[in-house]
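One structure is given here, and the rest of the page talks about it.
The values are calculated or read from the model by the stated rules, or taken from the named source; none is laboratory data. All values reported here derive from a predicted model rather than from experimental measurement. Because the Cβ atoms are built from the backbone with ideal geometry, glycine has one as well, and the counts that use them run over all protein chains shown.
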């Protein structure tokens, strides 16, 4: 079995180093377990072929990826969360996703620029992992916030148009 140090030397040099990503993926689990968290961290880069390759791999891997994927969901990087929620978790069966229900419920309460909160709610509903009444209450709250946010957006747009007319 390779050491973490040896595996780290093989990790992609940048977000486009797909050859290195393929080599790591080809080694496979459990041998790559020491660098799986690093692979998840590499998924935080938007428009990255390496991130896409790693996400696809974790989606196919399933159960052995639960811990590093759960840690990835707890990070504040909304692009990482987005990739996990749209690429990795849709490939997993209910029993594997269920192991992340607490972190999914936590993310469901924190809106971000990529709507990951609503994506979490979708997953929780699809797999029946949360109380429908709780989900309903959150959706009412989110709808109220969305209405307030939309009014603010319209006010900001109006202010911008006013400034642009003056220029």
>> Taking the conditions exactly as written (closer than 30 Å to residue 144 by Cα and modelled with pLDDT of 95 or more), does residue 37 satisfy them or not?
In response: no
> Just checking, which of 136, 59, 72 is more than 13 Å from the chain's Cα centre (by Cα) and in a helix (DSSP H, G or I)?
Replying inline: 136
> How many of the residues in segment 123-149 are crowded, with 16+ Cβ neighbours inside 10 Å and under 27 Å from residue 46 (Cα atoms)?
Replying inline: 3
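Residue by residue, here is whether (1) in contact (Cβ under 8 Å) with a residue 12 or more places away in the chain; (2) touching a helix residue (DSSP H, G or I) at 6+ places or on another chain (Cβ under 6 Å); (3) surrounded by fewer than 15 Cβ atoms within 10 Å (Cβ to Cβ) holds:
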{"position": "1", "(1), (2), (3)": "yes, no, yes"}
{"position": "9", "(1), (2), (3)": "no, no, yes"}
{"position": "19", "(1), (2), (3)": "no, no, yes"}
{"position": "22", "(1), (2), (3)": "yes, no, yes"}
{"position": "25", "(1), (2), (3)": "yes, yes, no"}
{"position": "48", "(1), (2), (3)": "yes, no, no"}
{"position": "54", "(1), (2), (3)": "yes, yes, no"}
{"position": "58", "(1), (2), (3)": "yes, yes, no"}
> Inside segment 99-133, can you point out the residues that are within 14 Å of the chain's Cα centre (by Cα) and on the phi > 0 side of the Ramachandran plot?
Replying inline: 115
> Among the residues of segment 76-108, how many are out of contact with any helix residue (DSSP H, G or I) (no Cβ under 8 Å at 6 or more places or on another chain), part of a helix (DSSP H, G or I) and surrounded by fewer than 17 Cβ atoms within 10 Å (Cβ to Cβ)?
Replying inline: 4
>> When you check residue 44 against the structure, is it on the phi < 0 side of the Ramachandran plot, in contact with a helix residue (DSSP H, G or I) (Cβ under 8 Å, 6 or more places away or on another chain), in a helix (DSSP H, G or I) and crowded, with 17+ Cβ neighbours inside 10 Å, yes or no?
In response: no
> Among the residues of segment 140-151, is there at least one that is within 22 Å of the chain's Cα centre (by Cα) and either more than 30 Å from residue 32 (Cβ to Cβ) or assigned to a helix (DSSP H, G or I) (or both)?
Replying inline: yes
